[in-house]
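Right, one structure below, let's go through it.
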Amino acid sequence: MIFLRNYYVNTTSKVDVLLITHDVKRAVRESGVQSGLITVLVPGGTAGIALLENDPKIHEDLKKWVETQVPADSGPRPNRRSGSGRNDAHIRAALIGVSVGIPLQDGKVMLGAWQEVVLYDFDDSKVARREITVQIMGEGPAK
Amino acid sequence: MIFLRNYYVNTTSKVDVLLITHDVKRAVRESGVQSGLITVLVPGGTAGIALLENDPKIHEDLKKWVETQVPADSGPRPNRRSGSGRNDAHIRAALIGVSVGIPLQDGKVMLGAWQEVVLYDFDDSKVARREITVQIMGEGPAK
Amino acid sequence: MIFLRNYYVNTTSKVDVLLITHDVKRAVRESGVQSGLITVLVPGGTAGIALLENDPKIHEDLKKWVETQVPADSGPRPNRRSGSGRNDAHIRAALIGVSVGIPLQDGKVMLGAWQEVVLYDFDDSKVARREITVQIMGEGPAK
């Protein structure tokens, strides 16, 4: 069984840190898959996905780290047909990673007790709807 | 066929670099899966997984890089019910990544000749048992 | 259905940035799989895989970032039987990541409109043939 769903979250014109674990768990329930692999991917170029403890202090520190290590460009990129967002946002996202695999076993998403699926939206140039792709591939309940 | 096993390794109160390729290969043998995908995930927040050549000099350099770029917090985080470990350890783990997918083909783990599955345990606050989740999904031997 | 193919690309003695999306799409067509998961892995230790917008300015900035943050070793590693390449190349690759999962749905590789599979070859010590492993696991067309 293979199930795929695109979700949308609203982001602000700042760097956003969004917990999307509940979206992933909802996709699992809708899929009917009991055991298998969950893949979460952000198709946009300026957001990354991490598996991380849900502690505001950690998110804040990671944000600060990324902003210090990959400094913001001086301005927005020239308007072009292809893509958007500043270069720094693309590089930050590539460092965090944009695709992650999570095992699913007997209906349970195999994350640690405090581990969450976290979306880092590095595009601080505008308010946006951010697309997230969740795929679940595996087996349904035993008959 | 879907097979999932949790393994435990002992870590010290320093930053640990542990080769876990043999645990992954053992899981493959136990699974009976011949071809498919192996997913390795650390459910704790303060360790990362990398696919890396087994050269002590590389591990040492990567450790040094991470310790320089993500400096240690001044002290342990306040005791809380949720989670543990210092913020720096969480950020270091997020940068390395905590989940990795490896193709399996005809019983062979498709890593490079010198590529190993390496666990970086960044929690240097205490001796611990570290959990590793190995999932193998795919097909058994042709009948 | 499980399909695996090794591809080879030629790299120069500089840091190379190679778009391999078309190789991945070719593998999908050859596989006959309609929906499932694509895994791309570089078995060598000194190249990484990213999902990134195809903008030369982004590639250039990411290259510069990596070269600044993980400075080149002063010289090549001693000749040894195992592996090759300088330590910095291994660490750069580990930071970018060497394995990535991409959902496939109804024949469509579920990347963003401008998102590409990009190989960063950090081994600038020699001209080489670089191996890439593409695996596709999933279901064929509905009968």
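The values are calculated or read from the model by the stated rules, or taken from the named source; none is laboratory data. Worth saying up front: this structure is predicted, and the values here are computed from it rather than measured. Please note: Cβ atoms are built from the backbone with ideal geometry, for glycine as well, and neighbour counts cover all protein chains shown. Keep in mind that these areas ignore ligands, DNA and RNA; they rest on the heavy atoms of the full protein, side chains included. Shrake-Rupley method; radii C 1.70, N 1.55, O 1.52, S 1.80 Å.
Per residue, chain C exposes 41 Å² of accessible surface when a 1.4 Å probe is rolled over the protein heavy atoms with every protein chain present.
Using a cut-off of 21 Å between Cα atoms, the listed pairs C:LYS14/C:LYS64; C:LYS57/C:LYS126; A:LYS25/A:LYS57; B:LYS25/C:LYS108; B:LYS25/C:LYS25 include C:LYS57/C:LYS126; A:LYS25/A:LYS57; B:LYS25/C:LYS108; B:LYS25/C:LYS25 as exceeding that distance. Bridgeable aspartates and glutamates around A:LYS63 (alpha carbons under 15 Å apart, same-chain partners fewer than 8 residues away excluded): A:ASP16, A:GLU53, A:ASP55, A:ASP88, A:ASP121, A:ASP123, A:ASP124, B:ASP88.
Taking chain A as a Gaussian network, Cα atoms linked when under 10 Å apart, which of A:VAL118, A:VAL17, A:VAL70 shows the biggest mean-square fluctuation? Highest fluctuation of the listed residues: A:VAL70. Sorted largest first, the principal axis extents computed over the alpha-carbon atoms of chain C equal 59, 36, 21 Å. Between A and B, roughly 2300 Å² of accessible area is buried in total, ligands, DNA and RNA not counted and the probe set to 1.4 Å.
Springs between Cα atoms under 10 Å define the GNM used for chain A, and in it the highest mean-square fluctuation of A:LYS126, A:LYS108, A:LYS57 occurs at A:LYS57.
If you run the Gaussian network model on chain C, springs between alpha carbon atoms under 10 Å, then out of C:LEU111, C:LEU19, C:LEU41 the most flexible one is C:LEU111. Per the rotation superposing chains B and C, the chain B residue found at the smallest beta carbon distance from the axis is B:GLY101, 3, distance in Å.
Ignoring ligands, DNA and RNA, what percent of the accessible area of the protein assembly as shown is carbon or sulfur (1.4 Å)?
Exposed carbon and sulfur together represent 50 percent of the surface.
Debye-formula intensities of the protein assembly as shown, expressed as log10 I(q)/I(0) at q = 0.08, 0.09 Å⁻¹, are -0.39, -0.51 (one equal scatterer per alpha-carbon, no solvent).
Which residues, if any, in segment A:98-113 have at least 20 Å² less accessible area in the whole protein complex than in the isolated chain, probe 1.4 Å? Residues passing the criterion (a loss of at least 20 Å², heavy atoms only) are A:VAL98, A:SER99, A:GLY101, A:PRO103, A:GLN105, A:MET110, A:GLY112.
How much accessible area does C:HIS59 have with a 1.4 Å probe, in Å² rounded to the nearest 10? Taking all protein chains as shown, C:HIS59 has close to 20 Å². Normalised by the number of residues in chain A, the average gap of Cα pairs under 8 Å and 6 or more apart makes the relative contact order 54 percent.
About its Cα centre, how strong a charge dipole does chain B have in debye, to the nearest 20, once Lys and Arg get +1 and Asp and Glu get -1 at the Cβ?
Values: 18 positive and 17 negative charges, 94 e Å.
Computed charge dipole of chain B: roughly 460 debye.
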